[in-house]
Each structure stands twice: as C-alpha cells, then as structure tokens.
1. Tell me the per residue accessible area of the stretch 124-255 using a 1.4 Å probe; a whole number in Å² is fine.
2. Ignoring ligands, DNA and RNA, what percent of the 1.4 Å accessible area of the stretch 142-184 is carbon and sulfur?
3. Below 11 angstrom from the Cβ of T92, what's the summed charge of the other residues (Lys, Arg +1; Asp, Glu -1)?
4. Report the gain in length on full extension from A217 to D256: 0.36 nm times residue separation, minus Cα-Cα distance, nm rounded to one decimal.
5. Could you calculate the contour length gain from T92 to V172, that is, 0.36 nm times the residue separation minus the distance between their Cα atoms, to one decimal place in nm?
6. Pop the C-beta distance of R264 and D135 into the FRET formula with R0 = 41 Å and round what comes out to the nearest 0.05.
7. With every protein chain in place, what's the accessible area of L216 (1.4 Å probe, Å², nearest 10)?
8. What does the net charge come to around R212 if you take all other residues with beta carbon closer than 15 Å to its beta carbon, with K and R at +1 and D and E at -1?
Amino acid sequence: MPASTDPADPDSSADPVPVTVPRPASAPEVPEVPSVGTVEGDDPLDRAVWRLRSRGCWDDAAALLEPHAVRHAPSALRRAALLVERCVFTTTGWAEAEDALRGAEALAGDDDERGGAACERGHLAYAATVLGVRDRADEARSALGRAAALLAPTAAGRPLLDFRRGLMAEHVADSPDSARAAYRRAHAGATAHGDHLLLSFTWRHLAGLALRDGELAEARHGFAESLRIREELGFLVGTAPALAALADAAPEADADRLRAEAARLFRLMGGVPTWLADHLSTAVTAT
C-alpha cells in the first residue's frame, strides 16, 4: 500500500496546528524539540496551498504555485511534489507530474534542490510500481539512491527520503527489517525538524510493521498517533486511511465504528484515495 499522505475530520481547522508528538517505544532516542513549525509555513500563499492540499485539491494548489515555479527552483519542486502526491492518491495525472518534475530538475541549482527532485522522481516511480500502473522499480531505486548521495545527513529533506526508502524496502523488496530501520531514521529526523505531517506517516508505517509482527498494543498506539496528528493538522484527505488502519488493530466493537467513519470520509472526499476502496470493501465483507 502506498504512503498515506493521510487527513482529518471535517470540523478540524484547515490551518496547520503545532503538535507535540511522543516517540514510539521502538523509535531511536531523539532530542526534545523546543519549538514546532507548521506544515507549510505562515505566509498567505503557504496557507492557501495547505488548505487546498489538505482537502485533495492538488490541481488548484499547484496552480497557485505555477507563476513562481517558472524561475524559482523551490517553488517548482514544491509544485512537482503536489502533483506527485495527486498521483499517489488518485492514480491519475502521471504526465502532468512528469512534466512538473522535469521543470524542477532543470531549475535545481544545488545539491539540496537536485536531491529533492530526485526524491520526488523516486517516489513517482515507486507509486507507479505499487499501484500497478507500470513497473518502474529500478527507476525508483536509482532516483532514491541519487537523492541519498546528494542530500546531507542533516538536510531538511533527508527524513522524507529515509521514509520513502522504507516504503521501497517494505512494499517492493519485502524486507520489513530494512523498512523498520528506515522508518525509525525518518521518525527521528521528522521529530528533530518538527515535520509533523511526516511523523503521521512514520507512526502509521511503524505501526503497520508492528501489526504484521502481532504486536497489537504497539500497533494501536502508532495508528492512534498517526490519526491524532492528521486530525490536528487538518489533513482531511489523509484521515480516512488513518481511521481504516486503526480499525485493523482495534477491538471488534471499535473497529466497526472506525471503518464506518473511514467510509463516510472516503465518500466525502469523492473516493480518494482510490486505493482505499478495496480495503474498505474487504473489511465490510469480512464483518
């Protein structure tokens, strides 16, 4: 299953909200972060892009960045990342994402920008592979390897890269131990950088591996933290997957309620993420 860039309930604020996130029991020790940032920043453009992104309006969010993306490398990369995320959630828009990525790669002027673009290219190729569009696993490995060579260990983009390498290890290479190590590095880095949206992903995927190992208490804790963060951030488009994941580890009475809420949000979002439909229909059949 792809990374769930996963959301919040409809009454939550769409503006990013600072949250303090505890470590999972199995995560590496990391220093406390004295202050936390927001998901996208505090200026009006940042907030507008976040509101649209959090509701699954990737085209509109990308359109806001388009005038800046013509000559400004960070804006071009940010726009490309939005369109890659749209592919992950909707399995559509591959050509537009490729075009945006080529533009970001052409504008990249330093190792951080080149590494960020390679990370997005690797994620796009990963998504095409696991969603059954086309096998691009070799391209994904190559691009993520290039990103690892370009991004310094302390770079702001390194935790996201570690997370995506974990996805490759888990869902392409079927190597849960390697995936767990990568997710833990990503979790520690996201905590250090105050990247709470990424923490919602690392909690979720560490919990998924715990569930796979039969560690129900650890799985419930991680899934609950992932859901809490997404609700507090107002990441609506990612909330249904978080609810469905928690349901998989919850007692039966709670699981039915969580799946019903996940299904309601899934319909509210117009059937996005598309890959969640099979999971919900399977769960409904099983119960």
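The values are calculated or read from the model by the stated rules, or taken from the named source; none is laboratory data. None of these values were measured; they are calculated from a predicted model. Cβ atoms come from the backbone with ideal geometry, glycine included; neighbour counts cover every protein chain shown. Calculation scope for accessible area: heavy atoms of the full protein, side chains included, ligands and nucleic acids excluded. Shrake-Rupley method; radii C 1.70, N 1.55, O 1.52, S 1.80 Å.
1. That works out to 37 Å² for each residue.
2. Heavy-atom surface of the stretch 142-184 belonging to carbon and sulfur, 1.4 Å probe: 51 percent.
3. Result for the neighbourhood of T92: -1.
4. Result: 12.2 nm gained on full extension.
5. Numbers: separation 80, 0.36 × 80 = 28.80 nm, distance 2.08 nm.
Separation in residues times 0.36 nm, less the Cα-Cα distance, equals 26.7 nm.
6. 0.75
7. 80
8. Values: positive: R180, R204, R220; negative: E170, D174, D177, D213, E215, E218, D248.
Here the charged neighbours net out to -4.
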